[in-house]
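Have a look at the structure below before the remarks.
Please treat every number below as a calculation from the coordinates, not as lab data. What you see is a predicted model, and the numbers here were worked out from it, not measured in a lab. Every residue, glycine as well, gets a Cβ built from its backbone with ideal geometry; the counts of neighbours run over all protein chains shown.
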Amino acid sequence: MAARARRTSLVVPGSNERMLAKARTLDADEVVVDLEDAVAVADKEAARALAVEALDAGGFAATTALRVNARATPWYEDDLRAAAEARPDVVVLPKVESAGDVAAARDLLPEGIGLEAQIETARGLVEAERIAAAGHGLEALVLGPADLAASLGIPVLSIGEGTSDYVLARIAAAARAFGLQPIDGPHARLDDRQGLVASAERALAHGYDGKWVIHPSQIEPINRAFTPSAKEIERAERILAAAHGAARFEGELVDAVSQRLAEALLSRAARLS
């Protein structure tokens, strides 16, 4: 199956009926109905029922995903059974720390539902390559910046801050090595458009396909950040037409590697068209 578009993954609390309804009308590539961090403990059961109802009702133009609670929690198995009933396109597994976490989820889900694994702990980061190699319908590795910062002891107080280049690069390399998509986590400062775009551009520079968003206002700038521009597409097409062996092209050297770079950009653009 071709990789799904995941420039923007909009996270919506499973407990919020109004936001679930609004998500159907928004231009995110993926809607993640969240049963984990966005839902208070007292609301877990009600949120699960509401999420199943919303997913069963359909009407989402985007890929649908359900983020369940972590394997160590008392809600995990019931969440996965609910996912098996509601049949979202994808289930998001938080705080994945081993390939066994991926396999355990697959055992409770029917075929045809994809998986995304969130890397959110120091152990998960150390195991990123083995997690990426797990198979079982895994489609993406998602960086969970806040939990990972807490796990690593990084002294920040805002979700999305404190992520090092090492973390971005390691998760991206693990994902790409096994044919998965690397997806960046959210930027929590809702009025900080400049910081939001800068964080997306930084992730893109590390090879990421997209980013989680937590407010409708974040969708348009992030979609744009992860979409090749018309100028980039046109240049890539000219490189493919011009490069045959090593040659001078508009003041720089191009060769077979340049063609592969151009093909990768055009492939990204085609997936989003």
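Taking every DSSP beta bridge that has both residues in the stretch 116-265, what percent is antiparallel when rounded to the nearest 5?
Percent antiparallel among DSSP bridges in the stretch 116-265 is about 25.
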Fill in the blank from the handout: In the list (i) 19.1, 65; (ii) 18.0, 56; (iii) 20.4, 63, the entry giving Rg and Dmax of the Cα atoms in Å computed from the coordinates is (i)
Practice task
Report Rg (one decimal) and Dmax (nearest whole number) for the stretch 230-272, counting Cα atoms only, units Å.
Solution key: 10.1, 31
Practice task
Could you compute the FRET efficiency for residue 49 and residue 257, with r as their C-beta to C-beta distance and R0 at 45 Å, rounded to 0.05?
Solution key: 0.25
Practice task
Give me the angle, in degrees from 0 to 90, between the Cα long axis of helix 76-86 and the longest principal axis of the Cα atoms of the chain, rounded to the nearest 10.
Solution key: 70 degrees
Handout entry: Estimated inter-spin distance, residue 166 and residue 230, nm [label 7 Å along Cα→Cβ]
Key = 4.4 nm
Completion exercise
Among GluC sites (Glu not before Pro) in the stretch 52-101, those in a DSSP loop whose Cβ has at most 14 other Cβ atoms within 10 Å are none
Problem - Unit charges on C-beta of K, R, D, E only; dipole of the chain, Debye - result: 560 debye
Handout entry: Neighbour-count ranking [beta-carbon atoms within 10 angstrom, fewest first] of 8, 25, 163
Key = 25, 163, 8
Problem - Estimated inter-spin distance, residue 267 and residue 197, nm [label 7 Å along Cα→Cβ] - result: 2.9 nm
Exercise for the section: With an 8 Å cut-off on Cα pairs and a minimum separation of 6 or more residues, tell me the relative contact order of the chain in percent. Expected result: 15 percent
Completion exercise
Between the alpha carbon centres of the stretch 110-184 and the stretch 4-55 the gap in Å comes to 21 Å
Fill in the blank from the handout: Proxy exposure order for 15, 258 (fewest C-beta within 10 Å first) is 258, 15
Problem - Estimated [θ] at 222 nm from DSSP helical runs (n ≥ 4, -39500 (n - 2.57)) normalised by residues in the chain, nearest 500 - result: -13000 deg cm²/dmol
Exercise for the section: Give me the percent of Cα-Cα pairs in the stretch 142-236 that sit more than 24 Å apart, rounded to a whole number. Expected result: 21 percent
Exercise for the section: Go ahead and run the numbers for FRET between residue 18 and residue 154, Cβ-Cβ distance against an R0 of 51 Å, rounding to 0.05. Expected result: 0.90
